[in-house]
């Protein structure tokens, strides 16, 4: 607690840890994550058994290991000329302790990417309770494959107790905080908020207050559900995940659920709201069981362009 209080402040650290303790043993929770089937081994086994009986389980496993590399251009006349062509590698919803095979596929995909900075938008571990040792071991493997600066935010699966270990891997975790990247005499601002979906510990106002005037800014949030707050706080870009794009979708990519309250048009891919350009990653990992249908996993290269 002492280290976290020093790093985050007494109130933030105690609130986050307190909420985690309140719901650590619950399968049925509160708020938007009312049911946590990922924490119930029998539920995971039942879903896998049904898919196996339907002859779909093997296909779902194979689909989840085919990590695509998606290119997303972000054009803005506000972008400083020095950052024209700057590339952000976006990883989300890794759930690294779910499947070693998926982690291997992520590492292989990263090796094929050219980028200047990596942004991780939360949900590093698979369960929402218990030990995070396996998740941190997998994250150490991924970090070793990343040879550029790495920034991250925590998701609704991530415990605040993971923060010191993540930062020990040279991953800067942004907890309603702002960092700047400099090129010459101009700067790019990278801002991150704590989980806004389940823990609701995000503070967009506090994070935005740290921005330099007229700075081009990229907001990292685990969930895109705070798109309105982000847009009206003046951020230029917002990168998010959480939804997995649905993970299991009907033919044509229509998601059965996005586990959120936002309009479906913000559930995957590029979108805009007011002056904000956003992107919701389908994620590289899986939740509950390591399968995907009609919703391929991705890592994303966001290429900034001055237009």
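The values are calculated or read from the model by the stated rules, or taken from the named source; none is laboratory data. Not measured: the values here are computed from a predicted model. Because the Cβ atoms are built from the backbone with ideal geometry, glycine has one as well, and the counts that use them run over all protein chains shown.
Conditions (1) more than 30 Å from residue 275 (Cβ to Cβ); (2) buried (at least 22 other Cβ atoms within 10 Å of the Cβ); (3) at pLDDT below 90, marked per residue:
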{"site": "130", "(1), (2), (3)": "yes, no, yes"}
{"site": "153", "(1), (2), (3)": "no, yes, no"}
{"site": "159", "(1), (2), (3)": "yes, no, no"}
{"site": "166", "(1), (2), (3)": "yes, yes, no"}
{"site": "170", "(1), (2), (3)": "yes, no, no"}
{"site": "187", "(1), (2), (3)": "no, no, no"}
{"site": "193", "(1), (2), (3)": "no, yes, no"}
{"site": "209", "(1), (2), (3)": "no, no, no"}
Hey, residue 124 outside any helix (DSSP H, G or I), under 30 Å from residue 18 (Cβ atoms) and in contact with a strand residue (DSSP E or B) (Cβ under 6 Å, 6 or more places away or on another chain) or not: no
Some residue of segment 93-104 being at positive phi, surrounded by 24 or more Cβ atoms within 10 Å (Cβ to Cβ), in a loop (DSSP other than H, G, I, E, B) and in contact (Cβ under 8 Å) with a residue 40 or more places away in the chain: yes
Meets criteria (in a helix (DSSP H, G or I) and either in contact with a strand residue (DSSP E or B) (Cβ under 8 Å, 6 or more places away or on another chain) or in contact (Cβ under 8 Å) with a residue 24 or more places away in the chain (or both)) for residue 119: no
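Considering segment 171-189 alone, what residues qualify as being free of Cβ contacts under 8 Å to residues at least 24 places away in the same chain and either farther than 18 Å from residue 236 by Cα or in contact with a strand residue (DSSP E or B) (Cβ under 6 Å, 6 or more places away or on another chain) (or both)? Step through it out loud before you land on a result.
Step one: of segment 171-189, the residues free of Cβ contacts under 8 Å to residues at least 24 places away in the same chain are 172-173, 182, 185.
The answer is 172, 173, 185.
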Test: residue in segment 62-83 that is more than 22 Å from the chain's Cα centre (by Cα), in a helix (DSSP H, G or I), crowded, with 16+ Cβ neighbours inside 10 Å and at pLDDT 95 or above: yes
Matching residues, segment 127-170, being under 20 Å from residue 289 (Cα atoms), in contact with a helix residue (DSSP H, G or I) (Cβ under 6 Å, 6 or more places away or on another chain), free of Cβ contacts under 8 Å to residues at least 60 places away in the same chain and not in a helix (DSSP H, G or I): 132
Positions within segment 201-216 being within 20 Å of residue 120 (Cβ to Cβ) and either touching a helix residue (DSSP H, G or I) at 6+ places or on another chain (Cβ under 7 Å) or touching a residue at least 60 places away in the same chain (Cβ under 8 Å) (or both), in sequence order: 201, 202, 204
Residues (farther than 23 Å from residue 304 by Cα and either assigned to a helix (DSSP H, G or I) or touching a helix residue (DSSP H, G or I) at 6+ places or on another chain (Cβ under 8 Å) (or both)) located in segment 190-200: 194, 196, 197, 199
